[in-house]
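So the structure is just underneath, and the comments pick up after that.
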Amino acid sequence: MTVLMHLARATEWQQGKRTGSYAPPSLEQEGFIHCSLPHQLCGAANRYMRGASDLWLLSIDGTQLASEMRWENTVGGEELFPHVYGPIDPSSVFAARPFRPRADGMFAFDDDSVVVGAVNHIYLTVSDLARARRFFDPVMDCLGFRIGVRPIGGDDHVHYFNRVTQVSLRPARSPAPHDPCAPGLHHLCLQVTDREAVDRVATRLQGLGVAATAPAVYAEYSADYYATFFEAPEGMRFEVVARRARRDEIARRFSSLPPVVNPLATRGPE
């Protein structure tokens, strides 16, 4: 899930919920609805909405938008922001709450809140970087990642990145082979939007000669756990899974879940 943030005027958000379609004035005036990533929100709010006391903070699942989303900067800077070119269905909003400024009119998240929106990056060590690239370059390309090459600390590194996260390769400093059951990385699971996307990934990987398993439901994990599995060189395990209904439920209910073990009273990998 790509988490988008949007600040809505209270009356406009209430109207959107009543009608089933949120379309603030900016959609007609500028052709799109302004959104931000979590780390961009307060900066944008303080530039354009300082002191506003009637705002609601909407947390939007970007994968559930029916309208087109574009990454743009329309004021001449380099930082890109998500713009939604059409109404937002309130069902794609998984959390909404009043968002009020401090006494000085500035906005900030609650001092005691921490929101992790994604895994920023993961580093994998490989014994032969050139051999690893022959596998990972086409695989990560078919998964929609871009490729960057930049030495760090005198060692060659390869970085595969998209708008949300990054997977990097660096040379290993030990000749010991990878053991997924030893301390460290066991496997890496990437999430896509739905089962059709898993099917496309498996077909593309198989077309590259990668031994990706036929997509299937793995009921031992969950009734809707639909995934394909494959191995990278040196035995590193990967899987691609369709976003599950439980993830959506967690997103909707997270702020009300108690800080206890198994707050949903269910078992299975999440």
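The table for this structure:
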quantity	calculated
Qualifying residues in segment 43-71 (those that are more than 26 Å from G20 (Cβ to Cβ) and touching a residue at least 40 places away in the same chain (Cβ under 8 Å)) - the one surrounded by the most Cβ atoms within 10 Å (Cβ to Cβ)	A45
Subset of segment 15-34 (residues that are among the β-branched types (V, I, T) and either exposed (fewer than 12 other Cβ atoms within 10 Å of the Cβ) or on the phi > 0 side of the Ramachandran plot (or both))	T19
Matching residues in segment 114-132 - criterion: being of a type in the set (V, I, T), outside any strand (DSSP E or B) and modelled with pLDDT of 80 or more	V119
Subset of segment 6-42 that is among the hydroxyl-bearing types (S, T, Y) and free of Cβ contacts under 8 Å to residues at least 60 places away in the same chain - its residue that is farthest from V93 (Cα to Cα)	S26
Any hit, segment 135-146, residues being of a type in the set (A, V, I, L, M) and not in a loop (DSSP other than H, G, I, E, B)	yes
Every residue from segment 217-249 that is under 28 Å from S91 (Cα atoms) and aliphatic (A, V, I, L, M)	V217, A219, A223, A227, V240, V241, A242, A245
Residue among R146, R134, R163 that is of a type in the set (K, R), surrounded by fewer than 18 Cβ atoms within 10 Å (Cβ to Cβ) and over 26 Å from T63 (Cβ atoms)	R134
Yes/no for R173 being touching a Leu at 6+ places or on another chain (Cβ under 6 Å) and either assigned to a loop (DSSP other than H, G, I, E, B) or closer than 22 Å to L37 by Cα (or both)	no
Sole exception among (1) over 18 Å from A23 (Cα atoms); (2) under 24 Å from the mean Cα position of the chain (by Cα) for A96, by number	(1)
Segment 96-106, residues that are surrounded by fewer than 16 Cβ atoms within 10 Å (Cβ to Cβ) and within 16 Å of A10 (Cα to Cα)	R97, P98, R100
Filter pass, T63 being farther than 15 Å from P98 by Cβ, at pLDDT below 90 and not assigned by TED's automatic domain parsing to the domain that holds V241	yes
Condition broken by D111, with the remaining ones in (1) under 28 Å from D248 (Cα atoms); (2) modelled with pLDDT under 90; (3) in contact with a Phe, Trp or Tyr (Cβ under 8 Å, 6 or more places away or on another chain) satisfied	(3)
Residue that is nearest to W13 (Cα to Cα), among those in segment 38-65 that are of a type in the set (A, V, I, L, M, F, W, C) and touching a Ser or Thr at 6+ places or on another chain (Cβ under 8 Å)	I60
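The values are calculated or read from the model by the stated rules, or taken from the named source; none is laboratory data. What you see is a predicted model; the values in this text were computed from it and never measured. Cβ atoms come from the backbone with ideal geometry, glycine included; neighbour counts cover every protein chain shown.
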